[in-house]
Amino acid sequence: MPTEERKKLLGELKNSLSGALPEERIISGDYAKTGCHLEVRLSDAGMLRVASVMKEKRFYLETITAVDFPDSFELVYFYSTWHQDFCRLVARIRISKEASPRSVSSVYPEAIWLEREIYDFFGIRFLDHPDLRRILNPDNADYFPLLKSFGKTKLTEEIDDILC
Amino acid sequence: MLNIKTIDDTTINERVYQLNLGPQHPSTHGVLHLLMKLDGEVVVEAEPIVGYSHRGHEKMAENRIWEQFLPNTSRIDYLSGLIYNHGYCMAVEKLCGIEVPERAEYIRVITSELNRISSHLLGIMAFVMDIGAFTPFLYGWDDREHVLDLLERVAGSRLTYCYNRFGGVRNDIDREFCDGTRRFIDRLRGRFSDYHNLITENIIFIKRTRGIGIITEDTALDFGVTGPTLRGSGVGYDVRKNEPYSVYPEFDFEIPVRKEGDVMARYQVRMAEMEQSMNIIEQALDGLPQGPIRSKVPLFIDPPAGDCYFAFESARGAVGYYIVSDGTRIPYRIKVRTPSFSNLFVLTRILPGNFIADCIATLGSIDVVVPEIDR
Amino acid sequence: MSSLSGLKEYIKEILTGSKSLLIGMGITLKRLFVPIVTVQYPRRKLTMTPNFRGHIEAIYFDDTKSHHCIACGLCMRTCPSHVIKVQGEKEKAGERKYGRKYYIDFTKCSLCGLCVDVCPEKTLTFSHEYELACISRWDGVIDIMKRLEERP
Amino acid sequence: MNITQLPIIKEIYGFLGRDLTAAVTGILIILVFVPLNSAFLVWLERKVAGHIQLRPGPMEVGPHGILQTLIDAVKLMGKEMITPKLADKFLFWLAPIIIIIPAIVCFVVIPFSPMMQVREMNVGILLIFSFSSLTVLSILMGGWASNNKYALIGAVRAVAQNVAYEIPLLLSTMSIIIMTNSFKMSEITAAQSGVWFIFYQPVAAIIFFISTTAETNRAPFDLVEAESELVSGFHTEYTGMRFALFFLAEYTNMFIAASMGAVLFFGGWHGPFFPGLIWFMVKVYILIFVIIWVRWTFPRLRFDQLMNFAWKFMIPAALLNLMVTAVLLKVL
């Protein structure tokens, strides 16, 4: 296990990230527990800067996802390397329910589809996205399925009662 | 830098016409829909339209307890269901801190690699069928049948296995399974020369696949391409090696890499990967430890609140489960990062300028499973 | 000169190409005389492996001359598709319940086997039947207790 | 009992005369033979394909499924014939009829045995070539009239492919013709009583074989109906009996191509011990078997590769072969 090299890489990464994002919090993640070596908590739309730093370091965008918390959304970006000394970085951002975050699709074209998916399931509208349409759900759907408010029927509530 | 345009009617002129390839088409492997604009037979633009088999697995996960999501995992990618199953169990075990007995890990690796072989056999042969040779497809199925028989012997079903459990596996493997697996490996090794003679060295096949649908390293980085598709482009990235999980570090195997990045390279990577999988299985069978196959796990698990990302390598690339738990029996959120989703999107970049026939070959060589994209 | 070598390459490619085609034809010809591997299904049938997972069934135990189901409802709860309905009654007050009715809607069953796993009395198993085509969706509802009685 | 002794036959014979009787009976026989032969060929193809792929092929209807194709034909006759709403109705209807005409007409000049030829013509080979070119017209009509993009692409491919491959086909046949100085099928066969022409003209035979495979749109040149690309090519929109006619024509064309190959290169009816008809049929069916065998072995070419192969390899090779033949004939 090339732990030494990874430490070096992580140090470099931290440096360049803190150079790009002076005010953000960069913390070491607990790999054994969360599967990420580095965690960046963004307070505002710094994800474009993170994305360009990661692109420079030749990390690929593993996935973007959102989690619907009661009062806000959390957008989670996973970046990882192709190198032997593997490293995964997670960037999190809390946004309010009505906010429109910036799209990273200008840096990573893959994000076009990933962000479309998030829009499709959560209704989060990304700014500067070239093609924000539904992707998996029908084009004429008027619902956002992964919101916690969606799909709680009486039956599922009953089942929850039985189980929990 | 960005070369992605969406198709609108304004760019359609007299020369360019639209063709809907799919959702019902013999070579789109399920219900993929490629909206293409063609100039003669040359593709001007291609846009994959997905979602025809969307079943809402991620939403389903939020409405059922952790165990109940197990049967769903093998339905996300039905061709490598065991690997998905394996990965989900490992992700939840990571979140809960459940120890898995070593024998169970070995069994998981053996079955996962068998599943990988079966998936690659089908992927390769379906791709060869897309190029027009029907017979190798059925030879591949003949071999795949043996894998499925083996997996049926241990898991009880042939396609949508629900075999792994939190903390272990359902059934132990027996002597007969081990012997059968060794026999199968010998048999498949003997069949490789036939495959190479019939397919790899066939001049028509070479002509159809060399230099077609090239994915460069930079394109792969842009689109997050993983799996054999990426390894065909000269990057030796494999989660089993780079971010080892389960008992993979104990085995000696290589990651086949090809520099060319074309259709042929991806085909060759898959062929070589099957051989490596056989190596892993043989080593695992040799070193199979005795012991329990399942650790003590509560009937229904209650993971602690928190989140965890777990990546593993399916037959198509790097899969990731992002799991958020709020400390109850029901998952708060399960996100599945499926490799085909990213691997398919790269088509918008590499298809323009190719003939329809090459598009079909490229699509086949990426080996997408549509339900995996749609989830 | 280069065109000549190009021609040479071209001819060489044609020769090796023809050879590869002939080798391929040889392989398919050889297979023409190999016995077939498929099974003509309704005429010949395969036996299922011992681990085969069909729909669930109750196990007959010699000690009670019946099943061991106590109608605890764990299988009902753990089923991802909610297809199991089990009902039991207490034969005497204060004793454990005894499973009387056990239905499974096989049309929605995903054959995951979680119900067999959680059964505390280990009285559930998988049947080896696979010819389960039916003409009405109600034919897919399997009465497990009845099947247990009918079984020799 | 000799059928010609029957009074009714004698009467017809007296009324129509010898030539016309022969023609009428011949055409009747052809009309019966063509569908039955195609049915048999379809069965043969499915059987060979099955056994190559380690499966039995059709097994249920009749012994070893021999009646399967007839049942399929009955089923296809019972199917509705769907015409797409925006199709060119007349051409859509006409195309399957036109495709069946050359398939039947070409049988007229095929010499099954010294005595069995419906009509001896001194331009027999030319007749076959000219009529088989009609096939492409029908494919184009069907593909265009369907108003379907797949069908249209298939039809356009068919035209280009047929034009390209007719040239080497003719050139390779030409080298036989200048050896025999005749376009008559029976004379070409008669000239091979000693040595078959394949031994004089191996290159021409290979070129002929490849070109006919391409002409009849068989794999690996089946780009016209390339399943994995164009769904079903030019007959995507055809259903029921119309589809069956295209199918029938494909297999009949295959038979004609194989019988031409037998006549030109394998000595037609010549062979020891058995009557000429049996030898002829054996040779034709062996050639058909090879065509089927090739189909179930190889991947499909890409369209530009197919055209390159025709123009850059087949035609020069055929021309070269023809020149060498001509020079040798002059010298020897």
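Coordinate-derived values only; no laboratory data. None of the values given here were measured: they were computed from a predicted structure. Counting neighbours? That spans all protein chains shown, and the Cβs are built from the backbone with ideal geometry, glycine included.
In the protein assembly as shown, helices alone account for a calculated mean residue ellipticity at 222 nm of -15500 deg cm²/dmol, with every DSSP H run of four or more residues adding -39,500 (n - 2.57).
Tell me, D:Glu250, B:Glu250, D:Glu227 in order of fewest to most beta-carbon neighbours within 10 Å? Could you put the intermediate results ahead of the total?
Details: D:Glu250 22, B:Glu250 15, D:Glu227 18.
Fewest-to-most ranking of D:Glu250, B:Glu250, D:Glu227: B:Glu250, D:Glu227, D:Glu250.
Projected onto planes of every orientation and averaged, the convex hull of the alpha-carbon atoms in chain A covers 11.7 nm².
Charged side chains reduced to their Cβ positions (Lys and Arg at +1, Asp and Glu at -1) give region A:31-111 a dipole of some 200 debye around its Cα centre. Basic side chains Lys and Arg get +1 at the Cβ, acidic Asp and Glu get -1 at the Cβ, and with that the dipole of the protein assembly as shown about its Cα centre reaches some 1440 debye. Across A:Ala66, A:Ala20, A:Ala51, mean-square fluctuation computed from a Gaussian network of chain A (C-alpha pairs under 10 Å connected) peaks at A:Ala20. Computed from label points 7 Å out along Cα-Cβ, the spacing between D:Phe90 and D:Leu6 is 4.2 nm.
Under a 5 Å amide H cut-off, with hydrogens placed 1.01 Å from N, B:Ala318 pairs with B:Thr226, B:Gly227 among residues at least 5 apart or on other chains.
Would you mind checking region D:234-272 for residues with the amide N under 20 Å from a putative spin-label position 7 Å along Cα→C-beta of D:Leu328? Hits in region D:234-272 for D:Leu328 at 20 Å: D:261-268.
3J(HN,Hα) along region D:53-65: 8, 6, 9, x, x, x, 10, 8, 8, x, x, 6, x Hz, from the Karplus curve 6.51 cos²θ - 1.76 cosθ + 1.60 with θ = phi - 60°, whole Hz, x for Gly and Pro.
The protection proxy used here, the mean number of other Cβ atoms lying within 10 Å of each residue, ranks peptides C:7-14, D:19-26 as follows, highest first: D:19-26, C:7-14.
Once phi is turned into θ = phi - 60°, what whole-Hz ³J(HN,Hα) does the Karplus curve with 6.51, -1.76 and 1.60 give for every residue of region D:228-241, x standing for Gly and Pro? Each residue of region D:228-241 in turn: 6, 9, 10, 6, 9, x, 5, 9, 4, 8, 8, 10, x, 5 Hz.
For peptide B:330-337, how many partner chain Cβ atoms fall within 10 Å of a residue's Cβ, on average? Numbers along the way, then the final one.
Working: counts 5, 0, 4, 9, 1, 10, 2, 6.
Going residue by residue through B:330-337 and averaging, the value is 5.
Modelled this way, with points 7 Å down the Cα-to-C-beta line, the labels at D:Ile178 and B:Leu299 are 9.3 nm from one another.
Using r as the Cβ-Cβ distance of A:Ala99 and A:Leu48, and R0 as 22 Å, what FRET efficiency do you calculate, to the nearest 0.05?
On the way: r = 15 Å, r/R0 = 0.67.
For A:Ala99 and A:Leu48, the calculated efficiency is 0.90.
Among the cysteines of chain B, those with no neighbouring cysteine Cβ under 4.7 Å are B:Cys89, B:Cys96, B:Cys178, B:Cys308, B:Cys359.
Taking the Cβ-Cβ separation of B:Glu217 and C:Val34 as r and a Förster radius of 56 Å, what is the calculated FRET efficiency to the nearest 0.05?
Numbers: r = 44 Å, r/R0 = 0.78.
E between B:Glu217 and C:Val34, to the nearest 0.05, is 0.80.
Which of the three applies to region B:40-144, rounded, prolate or oblate, going by the alpha-carbon gyration tensor with a ≥ b ≥ c and a/c under 1.5 meaning rounded?
Here region B:40-144 falls in the oblate category.
Spin-label model, D:Phe274/A:Ser149: points 7 Å from Cα along the beta carbon direction are separated by 8.3 nm. On the basis of the beta-carbon distance and an R0 of 51 Å, D:Lys312 and D:Glu60 show a calculated FRET efficiency of 0.60. Across C:Gly99, C:Gly17, C:Gly88, mean-square fluctuation computed from a Gaussian network of chain C (C-alpha pairs under 10 Å connected) peaks at C:Gly17. Averaged over residues, the count of other Cβ atoms within 10 Å places the peptides D:41-53, B:282-294, D:266-278 in the sequence D:41-53, D:266-278, B:282-294, highest first. 5 Å is the cut-off here: which amide hydrogens, built 1.01 Å from N in the peptide plane, fall below it relative to A:Arg88, excluding neighbours closer than 5 in sequence? Distant-sequence amide H within range of A:Arg88: A:His37, A:Leu38. Peptide B:304-314 has a mean of 4 when you count, residue by residue, the C-beta atoms of other protein chains within 10 Å of its C-beta.
Neighbour counts of C-beta atoms inside 10 Å place C:Arg44, B:Arg316 in the sequence C:Arg44, B:Arg316, starting with the fewest. Taking the Cα centroid of region C:30-58 and of region C:90-144, what is the distance between the two, rounded to the nearest whole Å? Centre-to-centre (Cα) distance: 26 Å. Each residue of region C:13-25 is assigned a 3J(HN,Hα), and the resulting list reads 5, 5, 5, 5, x, 4, 5, 4, 5, 5, 4, x, 5 Hz, derived from the Karplus form 6.51 cos²θ - 1.76 cosθ + 1.60 (θ = phi - 60°), x at Gly and Pro. Within the listed set B:Met129, B:Met264, B:Met90, the Gaussian network model of chain B (springs between alpha-carbon atoms below 10 Å) gives the highest mean-square fluctuation for B:Met129. Among beta bridges from DSSP that stay inside the protein assembly as shown, the antiparallel ones total about 90%.
Which whole number gives the average count of other chain Cβ atoms within 10 Å of the Cβ atoms across peptide C:34-41? Could the numbers behind the result be given before it?
On the way: counts 3, 3, 8, 10, 11, 2, 4, 0.
Partner-chain Cβ atoms within 10 Å, mean over residues of C:34-41: 5.
Per-residue Cβ neighbour counts within 10 Å put C:Trp138, A:Trp113 in the sequence C:Trp138, A:Trp113, beginning with the fewest.
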